[in-house]
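Chemist: What follows is a structure written as structure tokens; I'll ask about it next.
The values are calculated or read from the model by the stated rules, or taken from the named source; none is laboratory data. Values in this document were obtained by computation on a predicted structure and should not be read as measured data. Positions of Cβ are backbone-derived with ideal geometry, glycine not excepted, and every protein chain shown enters the neighbour counts. The protein model used for the area step is the full one, side chains on, heavy atoms only, and it has no ligands, DNA or RNA in it. Shrake-Rupley method; radii C 1.70, N 1.55, O 1.52, S 1.80 Å.
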Amino acid sequence: MWWALSYFAMGVLSSVGLGTGVYTGTLVVFPMVAAESIRHDTLAGSMLAVLPRVVVWGVGTACGELPPYYVGTKIATGAVTLASMPRIAALLQSATGLRARLGRWGSLVIFGMACYPNATFDACGLLAGMTGMSVKR
């Protein structure tokens, strides 16, 4: 069970930092996948060996994306102002046009932004919270 907790924690750390997450995929997960592929004779054996750890890491990564969403909901309700968070204000300012696309295309924009993790994806989470998009969506 220790491996599950550690891989979940690494997933959260990789995405929780509003663009400054720890590169746990590059530092730990991808080398583990490469090492397992050497140990097994077949692709199926390699994939089955790494699947539990990679899935738990991915779930942790998804959970690490929730804080920007909840900050966005607080901004939308007025509980938090952008003036009190200049870094987040700058991040949102760099994502011009994203808010309109998010309102029109919603889930497709989030999926597309998640395909290649970057700091702009945090802005996508913030804007999803600001526009009232549901967590399920």
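Chemist: Only one residue in 92, 66 is surrounded by 15 or more Cβ atoms within 10 Å (Cβ to Cβ) and in contact with a Lys or Arg (Cβ under 9 Å, 6 or more places away or on another chain), so which one is that?
Modeler: From the options 92, 66, the qualifying one is 92.
Chemist: Which helices (runs of 4 or more DSSP H) does region 59-137 wholly contain that include 2 or more residues that are at pLDDT below 75?
Modeler: Once the helices (runs of 4 or more DSSP H) in region 59-137 are filtered for at least 2 residues that are at pLDDT below 75, what remains is 86-94, 98-105, 107-115, 119-130.
Chemist: Of all residues in region 5-34 being over 28 Å from residue 136 (Cβ atoms) and open to solvent by 40 Å² or more (accessible area, probe 1.4 Å), which is farthest from the chain's Cα centre (by Cα)?
Modeler: For region 5-34, the residue satisfying everything is 34.
Chemist: Can you name the residue in region 35-58 that is among the polar types (S, T, N, Q) and part of a helix (DSSP H, G or I) and is also surrounded by the most Cβ atoms within 10 Å (Cβ to Cβ) among such residues?
Modeler: Looking at residues that are among the polar types (S, T, N, Q) and part of a helix (DSSP H, G or I), I get 46.
Chemist: Report yes if residue 111 is more than 25 Å from residue 136 (Cβ to Cβ) and either open to solvent by less than 60 Å² (accessible area, probe 1.4 Å) or not polar (S, T, N, Q) (or both), otherwise no.
Modeler: So residue 111 fails the test.
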